[in-house]
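Written out below as structure tokens is the structure these notes cover.
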Amino acid sequence: MKQVQPKDWIPLIKPYTKPHTLRSLRQVADTLLPLLLLFYLAHRALSVSLPLTLALDFLAALFLVRLFILQHDAGHGSFFPKKWANDLLGFFTGVLTLVPYHHWQLSHARHHATSGNLDKRGVGDIYTMTLAEYLEATPWQRLQYRLYRNPFVMFFLGPIYVFMLSYRLPLGYGADRPSVRNSVALTNLFLALLLAGIVVFFGVKTLLLVYLPIQYLAGMVGIFLFYVQHQFEDAYWEHDPRWEHLKAAMEGSTYLKLPRVLQWLTGNIGFHHIHHLAPKIPNYLLPKVQEEVDLVKVAPTVTLKDAFQIAFADLHLHDEESRKLVGFREAHRRLKERAKAASA
């Protein structure tokens, strides 16, 4: 990509960074109300058919993903003009999504500031080792990393660890801040009240076969989306001071081109390149930017079929020589060559 200075692209993007309160409120209504209705229908379906219940759970999970996108916008201050309104929405949606708002907001801001930066990995992202680091790692370290990047662990165990367990404690980046600890504690308190209410009014069976599957499936979809939007073969990675924000957005994030219904249900998060370029743009204006601003049309386009291929591809290590993601097969080929050379 030709180097473009912020003074050249910021004026192109700025007109889209103003939220429309009525449109935002409409999104809250058309997301939260169907989610609650689907939860109730899934509860009622328990007396009819378990497969029907699970089908309704999955549909509700997609609306929960959409609700998280609203929380996500609030965390960037892009959903309402007023900070207090964003924070209020962010906190209460965080109780429903299991994501403590201020805790997540801090680490996610770090992710935006460091995405694609080889010197600042490990906060709010899918951790990626370089090929050189993997080759120098101990066998135990390599095994740990392989387990972490295994698709079964990432997509099937990941939702349980990330959303149901790790977010219940003030761990990781910013854990020493009172705002983070308070966010986690208050979210857990409201969550406990919510769970107690579900048991009292709907029963333990609904908790186990409706609420928990919805949370699990939503977490799985969320991790999948986040993964495929940054973990592709030609993804941008660079060291300081050569790292550039524009390149990190346009070359380190995908345009995940989804069918219209899925695009709506996922809150336009497929326009991830634009979101990384300017996180102050509300989700409902991202398609307009894609249509009207030529600057953003250079990002790699990925279809849903491509996304599944990326998710299960052997692309786990950044090779600084080829500037591409490579797999464990390539790493082990290098290790064999090194061992052969050492024994010669």
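Quick one: length gained pulling Thr303 to Asn150 fully straight, 0.36 nm per residue minus the C-alpha distance?
My answer for the length gained is 52.9 nm.
Rounded, prolate or oblate: which fits region 13-155 when a ≥ b ≥ c are the square roots of the eigenvalues of the alpha-carbon gyration tensor, with rounded for a/c under 1.5 and prolate only if a/b beats b/c? Display every interim value, and only then the final one.
Details: a/c = 3.11, a/b = 1.29, b/c = 2.41.
Oblate, because a/c is 1.5 or more while a/b does not exceed b/c.
How high is the relative contact order of region 208-344? Use alpha-carbon pairs under 8 Å, at least six apart in sequence, and give a whole percent. Spell out each step's value before the answer.
Values: 149 pairs, mean separation 33.3, N = 137.
Answer for region 208-344 is 24 percent.
For region 171-185, list residues with backbone N below 12 Å from a point placed 7 Å from the Cα of Ala192 toward its Cβ?
Backbone N within reach: 185.
Can you give the FRET efficiency for Ile160 and Leu50, using 1/(1 + (r/R0)^6), R0 = 30 Å, r = Cβ-Cβ distance, to the nearest 0.05?
Details: r = 21 Å, r/R0 = 0.70.
Taking R0 as 30 Å, the efficiency between Ile160 and Leu50 is 0.90.
Which FRET efficiency value, to the nearest 0.05, is calculated for Leu88 and Tyr40 with the Förster distance at 35 angstrom and r the Cβ-Cβ distance?
Numbers: r = 25 Å, r/R0 = 0.71.
My answer for the efficiency is 0.90.
In nm, what is the difference between 0.36 nm times the number of residues separating Ser179 and Leu33 and their Cα-Cα distance? Before the final figure, lay out each step's value.
Working: separation 146, 0.36 × 146 = 52.56 nm, distance 2.99 nm.
Stretched out fully, the Ser179 to Leu33 stretch lengthens by 49.6 nm.
Scan around Val302 for amide H atoms under 5 Å from its own, H built in the peptide plane at 1.01 Å from N, and keep only partners 5 or more places away or cross-chain.
HN-HN under 5 Å from Val302: Tyr255, Leu256, Lys257.
Just name one of Leu64, Ala42, Leu286: the one whose Cα is farthest towards the positive end of the charge dipole of the chain (beta-carbon charges, Lys/Arg +1, Asp/Glu -1).
Sorting the options by dipole projection puts first Ala42.
With an 8 Å cut-off on Cα pairs and a minimum separation of 6 or more residues, tell me the relative contact order of the chain in percent.
Details: 455 pairs, mean separation 77.6, N = 344.
Over the chain, the number comes to 23 percent.
About the Cα centre of region 30-138, how large is the charge dipole given +1 on each Lys and Arg Cβ and -1 on each Asp and Glu Cβ? Please answer in debye to the nearest 20. Numbers along the way, then the final one.
Values: 7 positive and 8 negative charges, 66 e Å.
Dipole size: approximately 320 debye.
Would you please give the residues with an amide H less than 5 Å from that of Asn268, counting only those at least 5 places away or on a separate chain, with H modeled from the backbone geometry?
Here nothing satisfies the definition.
To the nearest 20 debye, what charge dipole does the chain have about its Cα centre, counting +1 at the Cβ of each Lys and Arg and -1 at the Cβ of each Asp and Glu? Let's see the in-between values first.
Numbers: 36 positive and 26 negative charges, 82 e Å.
Approximately 400 debye in magnitude.
Report the one residue of Val261, His276, Trp237 whose Cα lies farthest in the direction of the positive end of the charge dipole of region 234-286 (charges on C-beta: Lys and Arg +1, Asp and Glu -1; origin at the Cα centre).
Farthest along the dipole direction, towards plus: Val261.
Tell me the label-point distance for the pair Lys340, Glu292, using the 7 Å Cα-to-Cβ offset, in nm and rounded to one decimal.
Result: 5.8 nm between the two label points.
When only Cα pairs under 8 Å and 6 or more residues apart are kept, what is the percent relative contact order across region 268-343? All intermediate terms of the calculation are to be shown ahead of the outcome.
On the way: 41 pairs, mean separation 12.3, N = 76.
Taking the mean separation of contacting Cα pairs over the length of region 268-343, I get 16 percent.
Put +1 on the Cβ of every Lys and Arg and -1 on every Asp and Glu Cβ in the chain; which of Leu315, Asn150, Gly77 then has its Cα farthest towards the positive end of the dipole?
Of Leu315, Asn150, Gly77, it is Gly77.
Please say if region 212-338 is rounded, prolate or oblate, where rounded means a/c under 1.5 for a ≥ b ≥ c the square roots of the C-alpha gyration tensor eigenvalues, and otherwise the choice is prolate for a/b larger than b/c and oblate otherwise?
Details: a/c = 2.35, a/b = 1.36, b/c = 1.74.
It comes out oblate by the Cα gyration axes.
Would you work out if region 151-199 is rounded, prolate or oblate? Take a ≥ b ≥ c from the square roots of the eigenvalues of the alpha-carbon gyration tensor; rounded if a/c is under 1.5, else prolate when a/b is larger than b/c, oblate otherwise. Each step should come with its number before you reach the end.
Values: a/c = 4.75, a/b = 1.12, b/c = 4.22.
Here region 151-199 falls in the oblate category.
For Lys14 and Phe226 in one chain, what is 0.36 nm times their gap in residues minus the Cα-Cα distance, to one decimal in nm?
Here the segment from Lys14 to Phe226 would lengthen by 73.8 nm.
Once amide H atoms are built 1.01 Å from N in the peptide plane, which residues 5 or more positions from Lys324, or in another chain, come under 5 Å H to H?
Asp319
With a sphere of radius 14 Å drawn around the Cβ of Arg121, what net charge do the other residues whose Cβ falls strictly inside it have (Lys, Arg +1; Asp, Glu -1)?
-3
Coordinate-derived values only; no laboratory data. Computed from a predicted structure; not experimentally measured. Every residue, glycine among them, receives a Cβ derived from its backbone with ideal geometry; neighbour counts consider all protein chains shown.
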